[in-house]
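Here is the structure we will look at.
The values are calculated or read from the model by the stated rules, or taken from the named source; none is laboratory data. Quantities reported herein were computed from a predicted structural model and do not represent experimental measurements. Here the Cβ is made from the backbone with ideal geometry for all residues, glycine too, and neighbour counts use every protein chain on show.
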Amino acid sequence: MIRDLLAEHSNKVPWSTEWEVEAAVEALNVFGSRWTIEILAALYIAGPRRFNQLKTLLDGISSRTLSDKLTYLAQEGLVIRRVDDGPPVRVTYILSDHGTTCGRLLSPLVAHLKIQRGSVRAKK
């Protein structure tokens, strides 16, 4: 599957199974650390948010961890840190096109896992 998708973007020779596994592991490492998926999900579902708004959405995350993760996600090209001139100066975090695509791809996985775990409840 990965091989087929990537073949559309390259004219190089087909990749080995080892390369395909390594590519999958590399991609999953970006999302595998604590809070990464939660931050991406919050921005995907709720849209652009300021730091404290994100902190409120993500129950239990420390300010330091949120700051570190947002920096990491920006470096990975998933999140954009937008600074609006003030006064007061406002910093807003938004998903990049890449981050939005990842959010769209992760949504069915999240829904599937919630259903499988039986943790989807009817809205009251």
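Could you tell me which of the residues S16, S10, S67, S63 is exposed (fewer than 14 other Cβ atoms within 10 Å of the Cβ), at pLDDT 90 or above and either more than 21 Å from G99 (Cα to Cα) or acidic (D, E) (or both)? So that I can check it myself, show each step before the final result.
Working: S16 fails: at pLDDT 90 or above; S10 fails: at pLDDT 90 or above; S67 fails: either more than 21 Å from G99 (Cα to Cα) or acidic (D, E) (or both).
The match here is S63.
With the requirement that a residue be β-branched (V, I, T) and either surrounded by 11 or more Cβ atoms within 10 Å (Cβ to Cβ) or assigned to a loop (DSSP other than H, G, I, E, B) (or both), what does the stretch 89-118 give you? Steps first, answer last, please.
Kept after step one, since they are β-branched (V, I, T), are these residues of the stretch 89-118: 89, 91-92, 94, 100-101, 110, 115.
V89, V91, T92, I94, T100, T101, V110 - these are the residues of the stretch 89-118 that are β-branched (V, I, T) and either surrounded by 11 or more Cβ atoms within 10 Å (Cβ to Cβ) or assigned to a loop (DSSP other than H, G, I, E, B) (or both).
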Considering the stretch 56-71 alone, what residues qualify as being over 15 Å from the mean Cα position of the chain (by Cα) and of a type in the set (D, E)?
D59
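More than 10 Å from the chain's Cα centre (by Cα), outside any helix (DSSP H, G or I) and either of a type outside the set (K, R) or at pLDDT 95 or above (or both), is that true of R82?
Numbers: more than 10 Å from the chain's Cα centre (by Cα): yes; outside any helix (DSSP H, G or I): yes; either of a type outside the set (K, R) or at pLDDT 95 or above (or both): yes.
The answer is yes for R82.
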Checking the condition charged (D, E, K, R) and in contact (Cβ under 8 Å) with a residue 40 or more places away in the chain, which residue from R64, R81, R90 passes?
R90
One residue is enough: does the stretch 57-79 have a residue meeting the conditions in contact with a Pro (Cβ under 9 Å, 6 or more places away or on another chain), of a type outside the set (D, E) and not assigned by TED's automatic domain parsing to the domain that holds A24?
no
Checking the conditions here, which among A74, A27, A42 is within 12 Å of the chain's Cα centre (by Cα), part of a helix (DSSP H, G or I) and loosely packed, with under 13 Cβ neighbours inside 10 Å?
A27
